[in-house]
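Report on the following structure.
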Amino acid sequence: MNDRDLADLLGDAPPTPDPRFRLDVLSRVARRARQFAAAERAVRTIGAFTAIGVFFPLAQALGLTLADMQPLFMAAAIVGVAYLFAKAMARGPRGVLLALRMR
Amino acid sequence: MDAAAEARLIERARKGDLRAFGELVDAHQPSVRAFLRRLTGNAADADDVAQEAFARTWEVLHRFDGASTLRTFICGVAVMYWRRSRRSNTRRQAREDAYADLADADAEPYARAAQRLALRRAMDQLPEDQRAALALCLGQDFTHAEAAEVLKLPLGTVKSHVARGRARLRAALDLDAENDA
């Protein structure tokens, strides 16, 4: 009995081509990509809400009142709306329509 | 598949072309799956590790620098996953392997099933690195240098692992005694 026979006894090479295996791999790739994207979104959301939560106690500790911060809120709101508008423009009308249809 | 065609597919896969990656999977799955089957002794577990390894390869393909072959690179990822799954599933795997061995043994001639079980037991008793080196090199699918690259071990160590492992397997089947007689 030679090495090849020993190797075959331990485990044969699978029959090829095996499209099912390729499909399983590709579906795993897609699943992992979705998981990474979801984890990234979760981290971003947690980060944003943590920053908002930390901002108000810090501002209060620094002696800033809501009236003092009003210009800052206005600027933040304008920047936020401009960001959303720019994002929609970058995606184009088809992207916006697609996003609406996906909901 | 020649090296130039493979390089082109790798380049396309790096740019996000899943079809090109699918072709790479087709090209390398026989050797990767055969290696893992020898290593784990269980086709289902081997395919599970192989699929994880290919999926991870897609994510880290940008790290592949072409210094080794892609097959070696994928097997390196596969060995990492095998070690990880082994640590977490040792007991479960032992139980399922024993069951799979029994199930497979029913479908093949007794003498061959007995040989396969004896080999499996001998293989399971080998240290982790030695088992992996043997699974890579035994069927001459991989050279010693490629196995050293996959396992991140010195070439001499791989050679001695393979020689000693082969002797243990042959002893488990009493082959050397038969040859001497």
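With the requirement that a residue be open to solvent by 100 Å² or more (accessible area, probe 1.4 Å) and not basic (Lys, Arg), what does the stretch A:39-57 give you? Scanning the stretch A:39-57 gives A:GLU40, A:VAL43, A:ILE46, A:PHE49.
Taken over the stretch A:4-36, the residue count meeting the criterion of being touching a helix residue (DSSP H, G or I) at 6+ places or on another chain (Cβ under 7 Å) and either in contact (Cβ under 8 Å) with a residue 60 or more places away in the chain or in a helix (DSSP H, G or I) (or both) is 12.
Taking (1) at pLDDT below 90; (2) surrounded by 10 or more Cβ atoms within 10 Å (Cβ to Cβ); (3) more than 30 Å from B:ASP174 (Cβ to Cβ) in turn, A:PHE36 satisfies each apart from (1). In the condition set (1) surrounded by 10 or more Cβ atoms within 10 Å (Cβ to Cβ); (2) farther than 30 Å from B:ARG166 by Cα; (3) within 14 Å of another protein chain (Cβ to nearest Cβ), A:ARG20 is compliant with all but (1). When you scan the stretch B:58-81, do you find a residue that is facing chain A (nearest Cβ under 8 Å), over 10 Å from the mean Cα position of the chain (by Cα) and open to solvent by 40 Å² or more (accessible area, probe 1.4 Å), even just one? Yes.
Residues that are within 17 Å of B:GLU146 (Cα to Cα) and either free of Cβ contacts under 8 Å to residues at least 40 places away in the same chain or in a loop (DSSP other than H, G, I, E, B) (or both) within the stretch B:1-42 comprise B:ALA3, B:GLN29, B:PRO30, B:ARG33, listed in sequence order.
Taking the condition closer than 20 Å to A:MET1 by Cα and modelled with pLDDT of 70 or more, does B:ARG170 pass? Spelling it out, B:ARG170 is indeed closer than 20 Å to A:MET1 by Cα and modelled with pLDDT of 70 or more. Filtered by the rule that a residue be part of a helix (DSSP H, G or I), of a type in the set (A, V, I, L, M) and surrounded by fewer than 22 Cβ atoms within 10 Å (Cβ to Cβ), the stretch B:108-147 gives B:ALA111, B:ALA113, B:ALA114, B:LEU117, B:ALA118, B:ALA122, B:ALA145. Selection of the stretch B:149-168 for residues being in a helix (DSSP H, G or I) and more than 11 Å from B:ALA132 (Cβ to Cβ) yields B:GLU149, B:LEU155, B:GLY156, B:THR157, B:LYS159, B:SER160, B:ALA163, B:ARG164, B:ARG166, B:ALA167, B:ARG168.
The values are calculated or read from the model by the stated rules, or taken from the named source; none is laboratory data. Remember, it's a predicted structure, so these values are computed and weren't measured experimentally. Note that each Cβ is placed from the backbone with ideal geometry, even for glycine, and that neighbours are counted across all protein chains shown. What goes into the accessible areas is simple: the full protein's heavy atoms, side chains included, and nothing from ligands, DNA or RNA. Shrake-Rupley method; radii C 1.70, N 1.55, O 1.52, S 1.80 Å.
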